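Take a look at the structure below.
The values are calculated or read from the model by the stated rules, or taken from the named source; none is laboratory data. If you're wondering where the values come from, they're calculated on a predicted model, not measured in any experiment. Cβ sites come from the backbone with ideal geometry, for glycine too, and all protein chains shown count toward neighbours. These area figures cover heavy atoms from the full protein model, side chains too; ligands, DNA and RNA do not enter into them. Shrake-Rupley method; radii C 1.70, N 1.55, O 1.52, S 1.80 Å.
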Number of protein chains: 2
Amino acid sequence: MALLVQKYGGTSVGSTERIKHVAHQIAQFQQQGHQLIIVVSAMKGETSRLVTLAQEIQARPNSRELDVVLATGEQVTIGLLAMALHDLGIHAKSYTGPQVSITTDSAHTKARILKIDTDRLHADLAAGHVVIVAGFQGRDEAGDITTLGRGGSDTTAVALAAVLEADECQIYTDVDGIYTTDPRVVPEARKLDTITFEEMLEMASLGSKVLQIRSVEFAGKYKVKLRVLSSFEAGEGTLITFEEDNKMEQPIISGIAFNRDESKITVVGVPDHPGIAYQILGPIAEASIDVDMIIQNIGHDGTTDFSFTVNRNEYTRAIEILKKQVLPHIGARDVIGGEKIAKISVIGVGMRSYAGIASRMFRVLAEEGINIRMISTSEIKISVVVDEKYMELAVRVLHKAFDLDQINNVEAKTC
Amino acid sequence: MALLVQKYGGTSVGSTERIKHVAHQIAQFQQQGHQLIIVVSAMKGETSRLVTLAQEIQARPNSRELDVVLATGEQVTIGLLAMALHDLGIHAKSYTGPQVSITTDSAHTKARILKIDTDRLHADLAAGHVVIVAGFQGRDEAGDITTLGRGGSDTTAVALAAVLEADECQIYTDVDGIYTTDPRVVPEARKLDTITFEEMLEMASLGSKVLQIRSVEFAGKYKVKLRVLSSFEAGEGTLITFEEDNKMEQPIISGIAFNRDESKITVVGVPDHPGIAYQILGPIAEASIDVDMIIQNIGHDGTTDFSFTVNRNEYTRAIEILKKQVLPHIGARDVIGGEKIAKISVIGVGMRSYAGIASRMFRVLAEEGINIRMISTSEIKISVVVDEKYMELAVRVLHKAFDLDQINNVEAKTC
């Protein structure tokens, strides 16, 4: 008997028929003797419907009130899934995020979980109930409803698995695991049986949208065993492992991620003195806008150019903040941006012990005539920004160059 | 400056356009210096949509989980209305029922309010906010979500007006006030400027569906000034008054209510001994089924027939309970029911001091050949049950017989 936290995403609960299907699957797990905490998303399309209603009222909806509206999507699903389980004769109880005291900070529409009270959950599990919790939502210290942002239901599931010390956190979705890259771009992409947390973190943050990055961070931090699998077909999915569990068979490169959801912003003619990065990015951070890549070129004649990327949705707001709050104070010449760019990253814990990955990547791109606009590296990934039109080509040639279509690309390292 | 509680029903907030219209109206009240608590229903059609989803999952939805699903309807409206007010530059904050601690009993889908904490509401009003509260919902002592049943948003509004000692509770709806009877049945029906609480209570409970009965009870109990008016057109609506405020101009009969939502059930051949009424109705009450009219005929040869009416929705359940839990124990012969009946009531505080109303009513019905199946009387109303097919005819002839189409029918009493 294991304690399992299972999360079912919007497609998995996209209709009343699908909800019944999920209930049957849960019933099987219960019959096997497992204790179950189920986290669900809003039914597919519901969040969009609610956002549309909100935008009909207010072009930029008040974020506190948007959370009030959006949180209803998951609330409908928990009630319906509980009914479907009752219909199978299974005791189930549903809870909203606030009801099980999922306490977050007050950053509406992108809140972070601070703590969860588990008394109620433990009591229900002990009583033999299947417990269903609304993903994506919580409440702040003042009792206001908050939501966790895109993919927040994954975070809810992992956080619950962490505080309950669950045996495994299973993320059911519409794909059957993590692939070396998006099979729609590279048909030869392979499903991975395992991937390390570090790699998954980079994959998620770079746009492989199977799991939300925060959920992976959480899982890594609290050592939650995380598995991604399909609610539509049987299979073992992809288990996300801790590196030390998995030393012998590390491929150099596990996957290639890409992302066209970012925009590049450049502050031109910035006076080149200490503290300037903080002066530029401080107001951006205060507005809760996440910054991804950051590049500061070496200055000449006392000024420099400072570039960074933000999510495309935040582009307009970031530009506004820079023009109003930053430019007047730091005496930079201008703020520019808006080119169509894409980011591509090769990722693998193996590259720590294997040199030359970056140069191989740059050579492959150069051979195809693809100009690199920004570069950033970490221990286990190398990212480049290129013109958006080259994205697919770049992903394909890199996938091939790093032998990701070969099941035995592991050997490349052991040589 | 007054403290007003305003409630807007489902049609009043039936679209984002309507919600914006309501926001403009609220803005005007605020500019006049009033403090405002706004209670809203789900957008028209939303509750039905949610019920349909639930019934697709489970023919008789689990009531705890149905409440979880249904409560989302009002939650969407509060967020949207708050956004609409923010868009007009007005500070507004929305709250679900549980958030403002509207504590109820645990009778899911028909819960009753036990208490409301007002700290948060007072603080927001003091800060100049318009406070928006989701109608129809609360939480029980265990923290589970509850709903108050049909028309529950009215009850929420009146309960808030009571605990906050508001100057007036204004129920905005799609009709412009209370009429002597339904104008669709009697075109000569007149809007009443005032009606007493006692009369309104009888009107509401008998199927004039402008206000939910519980809200009127609440209002009477806590001396809340209640006004029914239209959100679609200007006008003073109908003020519901306390009898003592209004002594001089009491008409004998204020209105005629009717209702075809009831079913009659008769337990046949009941042993005629003390306690039998309790033995029959006890299990019905335990199942939270409301009983309306009750008739027990005088027995002969040691048995009697015991008849009562319940809401048509509860008919099947009531019959089931009687057959399983009651018949075997009391040794009655049978349970029968199912005829198509309607109830018609003439209502007026004036009848207290004016004899002969009942006989006039029975004479008028007899002249039209309408057979009376059940009779029940109270101090201010006389109700009869007739075959459903005679309902419209009966209402029309009674409306005329009691001069309800005459503005000066008041004189009938002072003569």
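Here are some notes:
- Evaluated over region A:34-73, the Cα radius of gyration and Dmax, each in Å: 13.2, 46
- Over region A:306-415, Cα pairs under 8 Å with separation of 6+ residues give a relative contact order of 26 percent.
- Mean projected area in nm² (Cα convex hull; one quarter of hull surface) for region B:262-337: 4.3
- Taking both sides together, the accessible area buried where A meets B is about 3400 Å² for a 1.4 Å probe.
- A viscosity of 0.890 mPa s and a temperature of 25 °C, combined with the Kirkwood radius over C-alpha pairs in the Stokes-Einstein formula, give region B:127-219 a diffusion coefficient of 166 µm²/s.
- Sequence-separation-based contact order of region B:262-337, relative, with Cα cut under 8 Å and 6+ spacing, percent: 50
- Label point 7 Å beyond Cα along the C-beta direction, distances from A:ALA127 to other copies (nm, shortest first): 3.5
- Normalised per residue, the accessible area of the protein assembly as shown is 42 Å², obtained with a 1.4 Å probe and no contribution from ligands, DNA or RNA.
- Accessible surface of region A:3-174 [probe 1.4 Å, protein heavy atoms]: carbon and sulfur percent: 47
- Taking only the Cα atoms of the protein assembly as shown, the ratio Rg/Rh comes out at 1.08, with Rh defined as the Kirkwood radius.
- Using the Cβ-Cβ distance between B:ASP167 and B:GLU286 with R0 = 56 Å, the FRET efficiency computed as 1/(1 + (r/R0)^6) comes to roughly 0.90.
- Chain B residue nearest by beta-carbon to the axis mapping B to A, with distance in Å: B:THR72, 2.
- Rg and Dmax of region B:309-415, Cα atoms only, in Å: 17.9, 57
- Normalised Debye scattering of region A:306-356 at q = 0.27 Å⁻¹ gives log10 I(q)/I(0) of -1.13, counting only Cα atoms as equal scatterers and leaving out solvent.
- Shielding by partners, peptide B:49-59 (average Cβ within 10 angstrom, other chains): 5
- Exposure here means at most 16 other Cβ atoms within 10 Å; with chymotrypsin sites (Phe, Trp or Tyr not before Pro) in a DSSP loop as sites, the longest stretch of chain A lacking them is A:1-221.
- Semi-axes of the equivalent ellipsoid for region A:1-71, computed as √(5λ) from the eigenvalues of its C-alpha gyration tensor and ordered from largest down, come to 33, 14, 6 Å.
- Sparse packing (at most 14 other Cβ atoms within 10 Å of the Cβ) combined with a DSSP loop state is found for the following GluC sites (Glu not before Pro) in region B:319-388: B:GLU339, B:GLU368, B:GLU379.
- Estimated [θ] at 222 nm from DSSP helical runs (n ≥ 4, -39500 (n - 2.57)) normalised by residues in chain A, nearest 500: -10000 deg cm²/dmol
- Cα-based convex hull, region B:3-174, per residue volume (Å³, whole number): 96
- Between region B:262-323 and region B:20-37, the alpha-carbon center distance in angstrom: 49
- Using C-alpha pairs below 8 Å separated by at least 6 residues, the relative contact order for chain A is 14 percent.
- Pairs from B:LYS115/B:LYS323; A:LYS93/B:LYS44; A:LYS221/A:LYS381; B:LYS191/B:LYS343 whose Cα-Cα separation, in the structure shown, is over 26 Å: B:LYS115/B:LYS323; A:LYS93/B:LYS44
- Cα convex hull, region A:328-383: 128 Å³ per residue, rounded to a whole number.
- If the Kirkwood radius is taken over C-alpha pairs of chain A, then at 25 °C and 0.890 mPa s the Stokes-Einstein diffusion coefficient equals 107 µm²/s.
- Placing one equal scatterer on every Cα of region A:61-105 and applying the Debye formula, the log10 ratio I(q)/I(0) at q = 0.15, 0.29 Å⁻¹ is -0.48, -1.03.
- Plainly put, the tip 7 Å out from Cα toward Cβ on A:SER15 is 2.9 nm from that tip on each other copy, the closest given first.
- Region B:99-169: GluC sites (Glu not before Pro) in DSSP loop, at most 13 other beta carbons within 10 Å: B:GLU141, B:GLU165
- Exam field: B:GLN55 pseudo-label spacings to other copies (7 Å along Cα-Cβ), nanometres: 3.4
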